[in-house]
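The values are calculated or read from the model by the stated rules, or taken from the named source; none is laboratory data. Nothing here was measured: the structure is a model prediction, and the numbers come from that model. For neighbour counting, all protein chains shown are included, and Cβ atoms are generated from backbone atoms with ideal geometry for every residue, glycine included.
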Amino acid sequence: MHKNPSLVRLRLGALFIMLATLAFGSSGCAARHPRVFVPNQPTAKLQYAYANGYRTNKNIVLRDRTDSGRWRQTRNALEMAYAKVIELFPEDLEYTPLAKLEIAEIRGGLDFSAAPQTRKKELREAIGLLQALQREYPQISYIHAKSMLDEALVWKKLREFGKVQEILIDLMDQYGASTEPEIQPILQTAQANYQQVYVE
């Protein structure tokens, strides 16, 4: 029995939205950093652009690790901005997958070089989100390949080097012959990390 792709997409979209919402209420300093208001935009492209603009506006906070509470609240607000794309445009196949990838990368601590240490619970949540992306969008090569790479990098944070190696081998096998320009940096990063974590 084949599952309805639209139903699967709606369920997985709800998972991303739920995690972003729960993350915002997870810190004791929520009152000091109130929940962000994300205005509705008419298209997925504009909604995604709004989230990216929010990231740019908060870049100074996100690069400052001296106040971990403020950093975490700002990060969670950014998740909510991307979750709005998923909420309003669940069937979009261009910007909604990118928004889901952003949330997974944020949750896995992959997108901020100065981020405080990511909690193990959040890392495992990120792995679940990245695996969901791989199941949901196998036909979108960039999303599929990048989510595989990101999953390997999160496992690396957990020091599960055997899993890292397994995923990277699978990634390079699937996409090693790709000529798509956006896939090449993914393969280069995969190769570099494979060499770092190689185990017998």
Self-check item: Qualifying residue in segment 172-184 (condition: of a type outside the set (S, T, N, Q), outside the structural domain of Glu91 (by TED's automatic domain parsing) and closer than 17 Å to Leu101 by Cα)
Solution: yes
Quiz item: Across segment 36-57, what is the number of residues that are under 16 Å from Ile103 (Cα atoms) and surrounded by 11 or more Cβ atoms within 10 Å (Cβ to Cβ)?
Solution: 12
Self-check item: Members of segment 167-184 found to be assigned to a helix (DSSP H, G or I) and of a type in the set (D, E, K, R), listed by number
Solution: Asp170, Asp173
Quiz item: When segment 57-93 is examined, which residues are found to be β-branched (Val, Ile, Thr) and either touching an Asp or Glu at 6+ places or on another chain (Cβ under 7 Å) or farther than 21 Å from Gly108 by Cβ (or both)?
Solution: Ile60, Thr66
Self-check item: Residue match in segment 151-169 (condition: free of Cβ contacts under 8 Å to residues at least 24 places away in the same chain and closer than 29 Å to Asn59 by Cβ)
Solution: no
Exercise. Could you grab me the full set of residues in segment 98-112 that are surrounded by fewer than 23 Cβ atoms within 10 Å (Cβ to Cβ) and more than 19 Å from Ala152 (Cβ to Cβ)?
Key: Leu98
Quiz item: Taking the condition modelled with pLDDT of 95 or more and either more than 28 Å from Pro181 (Cα to Cα) or surrounded by 20 or more Cβ atoms within 10 Å (Cβ to Cβ) (or both), does Tyr142 pass?
Solution: no
